[in-house]
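Heads up: the structure comes next, in structure tokens.
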Amino acid sequence: MAMRDHIDVIKGLRLQAGACRKLGSEFSAALLERAADDWLAGGPTRPLLAPWESAGLKALFDAATALRLLGALHDLALGGEDAALADAYGRLDVDAAWTAALAAMRREPERLARFMEHEPQTNEVRRSICLVGGFLEIARVTGLPLRCFEIAASAGLNLFWDRYRYEFAPGAAWGDPQSSVRLDSAWEGPPPPIGAKVAVVERAACDRRPVDLTDPAERRRLLAYVWPDQTERLARARAAIELALANGVTVEPGDAPDWTAARVAPKAGAVTVLYHSVFWQYMPAQSQAALAAAIAAIAAKATPDAPFAWLAMEPPPENMATMEVRLTLWPGGERRTLAEVHPHGAWVRWRG
Ligand SMILES: C[S@@+](CC[C@H](N)C(=O)[O-])C[C@H]1O[C@@H](n2cnc3c(N)ncnc32)[C@H](O)[C@@H]1O
């Protein structure tokens, strides 16, 4: 094996450690730095990362190798069977967590390796506070009930956006005051149109690989990709999972362009809304073109009595670190950027 290959694995772990630190997870950063040291020392991290040891830095990032390792260890901790690991994660004690992690990597490498075979898949519920202003604006402009179709919905945690409580700013809130899912954000600009009358009369969702929340192992896997010291994020995800299960969440398996073409069409008396967050970049160019064509075909059928809205939270091509919330409404096809938002909804700059 070439020395360069070794260096890329180490670089990948250390770079991801830096990213975790920047994004607010010191615990994950510290674990990855220890993993890098362990890999160099020839410890149990090395066989676990063997499938990626010849990969270059870009391939390591594309495969999210370091996040697979973090997820596998967190999943084991969440399971509770490894009492030492669970206790250390519960206390966010890095030294104890790494000692227990080393023991687990030696004791059950196959289990961890199996977990790491999957590409990480997340579902961030706080993105609903980025999208909700768009839904309110659609309701305000059309005055019609909403038919909501979400593509790339993952586990469906942003499917029940209308059953959450949003605190935009002091005195500006929207949604069920009793909701168990409460979302806030560092909100800049005026509040969205909270006086709009909203009724969701239909909802459906698809994902290429839906997370089945009724399966305890899949539920745990989803939580495992949330960094352990981001306790508010974990609490929000848990509350949203409970709410989704109580509402009988269904995310259909399907490729977004095909599913959109087959399932979404304007209908008189309601506004049909197609929405998505943080997924466009994961599609190959051919699928992006197919989805754009499907959207154009639906838009061509929109009428004043059966309008069609496309609401998207995606990065502009020139800056992947920030996201924009964009709304296009047909007939007419006027396209507006409603807000710039943090990728996880930590802040929203609402333009309205
Ligand atoms: C980063 S996750 C975002 C999930 C969710 N929209 C959110 O904001 O939390 C990207 C999702 O896109 C899905 N995905 C990627 N390509 C897809 C496609 N062609 N059709 C359907 N889903 C796709 C993945 O399975 C994954 O669930």
Could you tell me whether the range 258-272 includes any residue that is more than 13 Å from the ligand (Cβ to nearest atom), crowded, with 17+ Cβ neighbours inside 10 Å, closer than 26 Å to S287 by Cβ and hydroxyl-bearing (S, T, Y)?
yes
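Given the criterion surrounded by 19 or more Cβ atoms within 10 Å (Cβ to Cβ), in the same structural domain as G18 (by TED's automatic domain parsing) and at pLDDT 95 or above, identify the matching residue among L102, L85, L146. Step through it out loud before you land on a result.
Working: L102 fails: surrounded by 19 or more Cβ atoms within 10 Å (Cβ to Cβ); L146 fails: in the same structural domain as G18 (by TED's automatic domain parsing).
After applying the criteria, what remains is L85.
With outside any helix (DSSP H, G or I) and in contact with a His (Cβ under 8 Å, 6 or more places away or on another chain) as the only criterion, which of V348, V325 stands out? Let's see the steps before the verdict.
Details: V325 fails: in contact with a His (Cβ under 8 Å, 6 or more places away or on another chain).
Residue meeting the stated conditions: V348.
Could you tell me whether the range 279-301 includes any residue that is within 16 Å of the ligand (Cβ to nearest atom), within 19 Å of C148 (Cβ to Cβ) and assigned to a strand (DSSP E or B)? It would help to see each step written out before you state the result.
Of the residues in the range 279-301, the ones within 16 Å of the ligand (Cβ to nearest atom) are 279-295.
Among the residues that remain, those that are also within 19 Å of C148 (Cβ to Cβ) are: 279-280, 291, 294-295.
After this cut, where a residue has to be assigned to a strand (DSSP E or B) as well, the list is none.
No, that holds for no residue.
Please give the helices (runs of 4 or more DSSP H) falling wholly within the range 1-112 in which 2 or more residues are touching a residue at least 60 places away in the same chain (Cβ under 8 Å) and within 28 Å of H344 (Cα to Cα). Quick ask: steps written out before the conclusion?
Numbers: elements: 3-22, 26-40, 45-48, 57-62, 65-79, 83-91, 94-107.
In the range 1-112, the matching helices (runs of 4 or more DSSP H) lie at 26-40, 65-79, 94-107.
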Is it the case that the range 296-316 has a residue that's out of contact with any Lys or Arg (no Cβ under 8 Å at 6 or more places or on another chain), under 24 Å from R126 (Cα atoms), assigned by TED's automatic domain parsing to the domain that holds P192 and at pLDDT below 95?
yes
Cβ pairs under 7 Å, 6+ apart, first in the range 265-279 and over 15 Å from R203 (Cα atoms) and free of Cβ contacts under 8 Å to residues at least 60 places away in the same chain, second in a loop (DSSP other than H, G, I, E, B) and of a type in the set (F, W, Y):
none
Matching option when the condition is within 16 Å of the ligand (Cβ to nearest atom), assigned to a loop (DSSP other than H, G, I, E, B) and of a type in the set (K, R), among R221, R209, R203
R209
The range 243-259 residues that are farther than 29 Å from A290 by Cβ and in the same structural domain as T214 (by TED's automatic domain parsing), paired with ones that are hydroxyl-bearing (S, T, Y) and away from the ligand (no atom under 13 Å from the Cβ) (beta carbon under 8 Å, 6 or more apart):
L243/Y164; L243/S179; L243/S180; L245/T214
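State yes or no: is F135 under 25 Å from E334 (Cα atoms), of a type in the set (F, W, Y) and not in a loop (DSSP other than H, G, I, E, B)? Don't jump to the end; show me each part of the working.
Numbers: under 25 Å from E334 (Cα atoms): yes; of a type in the set (F, W, Y): yes; not in a loop (DSSP other than H, G, I, E, B): yes.
Yes; evaluated as a whole, the condition is true for this residue.
Give me the residue from the range 154-168 that is within 16 Å of A199 (Cβ to Cβ) and surrounded by 24 or more Cβ atoms within 10 Å (Cβ to Cβ) and, out of that set, farthest from the ligand (Cβ to nearest atom).
Step one: list which residues in the range 154-168 are within 16 Å of A199 (Cβ to Cβ), which gives 159-164.
If we keep only those that are surrounded by 24 or more Cβ atoms within 10 Å (Cβ to Cβ) as well, we get 159, 161, 164.
Numbers: L159: 10, W161: 11, Y164: 14 Å.
It comes out as Y164.
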Go through the range 178-197 and give me each residue that's assigned to a loop (DSSP other than H, G, I, E, B) and crowded, with 18+ Cβ neighbours inside 10 Å.
V181, S185, P191, P192
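The values are calculated or read from the model by the stated rules, or taken from the named source; none is laboratory data. These numbers come from a predicted model, not from an experiment. Virtual Cβ from ideal backbone geometry, glycine too; neighbours counted across all protein chains shown.
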